[in-house]
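What follows is a set of notes on a single structure, which appears directly below.
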Amino acid sequence: MGGDRCSWSRTDTCNAGLGARVHWALEGWVRNQGATGLRLVVQEQNPGALRFWQRQGYAITGQTLQRTRTRENVIHLLRKSLDA
């Protein structure tokens, strides 16, 4: 399986806008709570997820290395400003 698969939803809903709609609702709620930005992380080996979040307005602000007992993953740090 490649990095462009939909891992959290059924494949017949992939690219149907569900993720963007859920994010839009969450963003509105967070904004109403007074937040000025959102942050998240994406593993480098998931380029489809990285493209999705960048389409939602997130920018890469850095990277870090996640180490487990069996492997290492490069993690992209992303942020989206909610100002005005």
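Only the coordinates and a few stated rules stand behind these numbers; no lab work does. Values in this document were obtained by computation on a predicted structure and should not be read as measured data. Glycine gets a Cβ as well: all are built from the backbone with ideal geometry, and neighbour counts include every protein chain shown.
Kindly list the residues of segment 68-83 that lie in the label zone of Thr36, defined by a backbone N under 17 Å from the point 7 Å along the Cα-to-C-beta vector.
Answer for segment 68-83: 79-83.
So, how do all the Cα-to-Cα distances of segment 30-84 break down into 5 Å bins, in percent, from 0 on up?
Pairs per bin, as whole percents: 5, 19, 25, 20, 14, 10, 5, 2, 0.
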